[in-house]
């Protein structure tokens, strides 16, 4: 049968199939990369701070030309703007990015500085909008308190002492809790518990709060957000009135799984891919992993080529009547059909490799120089972690990429098998090519517009290739809950094996054209 | 058993029905190595259907087809006898070269050498264009490529369906020579054609089909039996001539065809017939011994069948 496969590859070679396919795929991938690169924010963190500084200076320069209701209002805006400029200048001088926890502290520091200047000049800070100054006995004690606070703040910033900062925040929260818990409702109490727990975690894991470059910090923040969502779901009847019960249940399951994943990640000291992507998003940067997964969209080009090949590899022989010569080979029809199927699948595997390879090379070249990207290059590789059916699954990043693309190739293979069967049955190239291309490209777009998760409408999502999105089975986030996980896989297997059986049987017993 | 008598093709009660019509109706025969078998019959007689069934293009619903003793469904690259065919209106991959076609045809057979391929290319006159794409071939070159594809696998059974349709007289003569050479080498050649004169010249055995059945199977030797002649006599009074000749011989068959008498029989005495007709005042314009025995035989058989 190897001879038959070689003959099939010779035909493809003579039609320049691989040459044209390679060119088409690489051009598409290149176009995608260019657009992605141009759209992505590849500025360095300090570039962003410098831009903000320039913008703020421009604003301050034009502030007097703006129509203000009162002079005090204008003066207040000037003071705020000046404080922002001072903060940004400090950050620029000390290489502190916008997302760094010190940015918050510096903001407070320069606000205190402004208030102190006003007090020193005999002005009332309240006139300029600074009303939240707490209780104080006299102007002198207030100034003293603010000066102490300012000194602590600048020391924390200079020493990057986020532990002290976290401890202070925790102590402050616990004090508030002790003072107010008796008067708080259940939801508020739970929410505050969650906040206290978060600060404890920042301290326990020795990570700076709000630091998007520290995955544990981001994970703790995520964990807090997820727990707060659950608390609102449980104690606040009015919180999610815009969602249906099914959507709420789905979201609840998803949040519960995320909580388990994030707790597992902290415990295992392993950065999850979801957090890594979140870090990149917050840091306004595109990472290598993000790009390698994003360029998967270009597998649609491979899918279209695979459909075209599947539609023509057998049906074109009927159309040209060359099938009469093909069956003269001393092999059974089953072997001839198998040779064509194997040629098709090998071609799909070869073409499917192009996109991830291109993605990995161009991703390394273009998206590895960002702060987050560098952490991958230096070895801090994230893992895909998911909680599915009561089991925690952890897959190393590069293996996850391989699995991701293998599943995508498998999906293309299944679509190609269905197309091959369809084309062999009808002995037509054009109809299966048209129908399957439309279904495979438009199917996911259509099912994504079907928001319902309720049977039987949700079934439509599967009929439009929903169950071919195989990644859903490892991510545990099913496109539609009906049919269930196992049924969906069984339906997929039956469709695939059924198509294969139909293909072989039809070709085996088919009368050939004269 | 000599090589010429090796059984190549055995049809045993082969039957196929389609659309309520018996396309091939319980046909049985045995063909031997070295034979050139002509498969003749009117349109829709089942000739092409039978060839397509031997080639596995269509399935026999009953009966069996064996090539060199092996059932066609079980055949593989290592089977004893190979089968190849030149089909009516052969089809090609226009984007491939002639050589590609030959390579693909020979790939399953490891005993085919480059020298053998070269010989076939030379023999079929494709030497100058074998590396060109088939799209650039003339219709004659395309047909000869089909012949080359068929010959290059060194078949034991070679089937040709309406082989002369795409060829000019020179091409037909060349093909005739090639087929005779192949038969001389021991290949069993089966040719289906409408052109009876061509079959007369080429075949060593004729099988006549009608309505899916074999209605006659005889060798060209039998067909050309010198003792059994057919004479056409153009006369002025056919009815009178018929009565005279009917009374003259016991073992002859006489029938009227317009202004002609057709006399069939053994040891026909033409001078005596002529004398008797003249004696009985019948005007004789022409007496001709039939030079196309197959056509005559075929027409006669068709009339009998009707």
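Couple of notes before you dig in:
- Residue satisfying condition, being surrounded by 19 or more Cβ atoms within 10 Å (Cβ to Cβ), within 26 Å of residue B:5 (Cβ to Cβ) and either in the same structural domain as residue B:172 (by TED's automatic domain parsing) or modelled with pLDDT of 80 or more (or both), within set B:215, B:233, B:207: B:207
- Residue that is farthest from the other protein chains (Cβ to nearest Cβ) [pool: residues in segment B:46-58 that are under 22 Å from residue B:152 (Cβ atoms) and more than 14 Å from the chain's Cα centre (by Cα)]: B:54
- Residue A:208 vs. criteria farther than 22 Å from residue A:103 by Cβ, touching a residue at least 24 places away in the same chain (Cβ under 8 Å), surrounded by 17 or more Cβ atoms within 10 Å (Cβ to Cβ) and in the same structural domain as residue A:268 (by TED's automatic domain parsing): no
- Any hit, segment B:26-45, residues being surrounded by 15 or more Cβ atoms within 10 Å (Cβ to Cβ) and within 14 Å of another protein chain (Cβ to nearest Cβ): no
- Those residues of segment B:6-25 which are crowded, with 20+ Cβ neighbours inside 10 Å and under 23 Å from residue B:81 (Cβ atoms), in sequence order: B:8, B:9, B:11, B:14, B:16, B:24
- The residue that is surrounded by the most Cβ atoms within 10 Å (Cβ to Cβ), counting only those in segment A:163-187 that are more than 31 Å from the chain's Cα centre (by Cα) and within 20 Å of residue A:233 (Cβ to Cβ), is A:184.
- Pairs where the first residue, in segment B:69-90, is part of a loop (DSSP other than H, G, I, E, B) and the second is surrounded by 15 or more Cβ atoms within 10 Å (Cβ to Cβ) and at pLDDT below 75, C-beta under 8 Å, 6+ apart: B:89/B:166
- Residue match in segment B:152-170 (condition: in a helix (DSSP H, G or I) and crowded, with 20+ Cβ neighbours inside 10 Å): yes
- Test: residue A:102 is farther than 30 Å from residue A:364 by Cβ and surrounded by fewer than 17 Cβ atoms within 10 Å (Cβ to Cβ): no
- Exactly one residue out of B:66, B:103 is out of contact with any helix residue (DSSP H, G or I) (no Cβ under 6 Å at 6 or more places or on another chain), within 11 Å of chain A (Cβ to nearest Cβ) and surrounded by 17 or more Cβ atoms within 10 Å (Cβ to Cβ), and it is B:103.
- Filter pass, residue A:63 being closer than 22 Å to residue A:363 by Cα, part of a helix (DSSP H, G or I) and away from chain B (no Cβ under 14 Å): no
- Checked against (1) more than 23 Å from the chain's Cα centre (by Cα); (2) more than 7 Å from chain A (Cβ to nearest Cβ); (3) under 22 Å from residue B:105 (Cα atoms), residue B:61 meets all criteria but (3).
- Residue within segment A:219-228 that is out of contact with any helix residue (DSSP H, G or I) (no Cβ under 6 Å at 6 or more places or on another chain) and under 30 Å from residue A:390 (Cβ atoms) present: yes
- Taken together, B:163, B:108 contain a single residue that is away from chain A (no Cβ under 14 Å) and touching a residue at least 12 places away in the same chain (Cβ under 8 Å), which is B:163.
The values are calculated or read from the model by the stated rules, or taken from the named source; none is laboratory data. Keep in mind it's a predicted model, so treat the numbers as computed, not measured. For neighbour counting, all protein chains shown are included, and Cβ atoms are generated from backbone atoms with ideal geometry for every residue, glycine included.
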